[in-house]
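These notes concern the structure reproduced below.
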Ligand SMILES: [Zn+2]
């Protein structure tokens, strides 16, 4: 097990809420050459206020898969990621302390990607546990460096606490709202602790804040981990994988027309149901170029596939939650 510590001077929790605390200046220089022959590792930013279940979700994710997942934890206190699970995976955990990666610890965040870049083999997925006060959108701008690509911003919302946090003063309510507003997918957690009225009320409020994001009521942290696990570089298996994702879910495939251009593909994606959690496929454009299509909640990517990631065209696999 490799445990890194990237510590910076200053002890602010988040520059957003600490007066007179300037964020550190970016001194990072992006490498000229992409690692791993140009392959890119997807990065999931996991946001959510304190106690929403981020650490539990990551432990669950590590427990249910054997693929190498690198975890970055921007925790204020001690890291609670299960060391035994990390050991089993041969995974790297990068423990980012002494600041918040969305503001006061930007350099430390970039250096953590540098550490991963120095590995001979890339991980399958990077999951970043953001600090409870981080604004995911600030961190997202730092992710897509050589060898990495932002996959999605997933925010966990504790249904039991959400009303309370939102009614607090701006130090609490601002990050809580920002985390929802910038998410591609919002997962509502702790449903077992509240009645159906509260679930309904919080879901409505979160949907209003999150606008186009997909808002899902997680059956359990187990199912929520399943959603994040689908972010890995591997294509979505067409059967089986999402059986445990949500009680009610549908997996379907749509043929992608041969020779479709980016615009035509976007029209197909426009027609996907609003309950789409994830869609992924590879289409061959008229000029023979392969296009990678990825949808995660409101995030959509249609782009040429890098040479190192070339594979045969596929159907579009669509996962919907009920
Ligand atoms: Zn911050």
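Throughout, read-outs are computed from the coordinates displayed, never taken from laboratory work. Every value quoted in this text rests on a predicted model; they were computed, and no experiment measured them. Neighbour counts are summed over all protein chains in view; Cβ atoms, including those assigned to glycine, are modelled from backbone coordinates with ideal geometry.
Semi-axes of the equivalent ellipsoid of the stretch 242-321 are 23, 13, 11 Å, computed as sqrt(5λ) over the eigenvalues of the C-alpha gyration tensor in descending order. Arranged from fewest to most other beta-carbon atoms within 10 Å of their beta carbon, 164, 54 become 164, 54.
Residue exposure proxy: 262, 168, 124, ordered by other Cβ atoms within 10 angstrom of their Cβ from fewest to most, comes out as 168, 262, 124. Normalised by the number of residues in the stretch 90-163, the mean separation of alpha-carbon contacts (under 8 Å, six or more apart) gives a relative contact order of 31 percent. Protection proxy ranking of 99-107, 271-279, by the mean of other Cβ atoms within 10 Å over each peptide's residues and highest first, is 99-107, 271-279.
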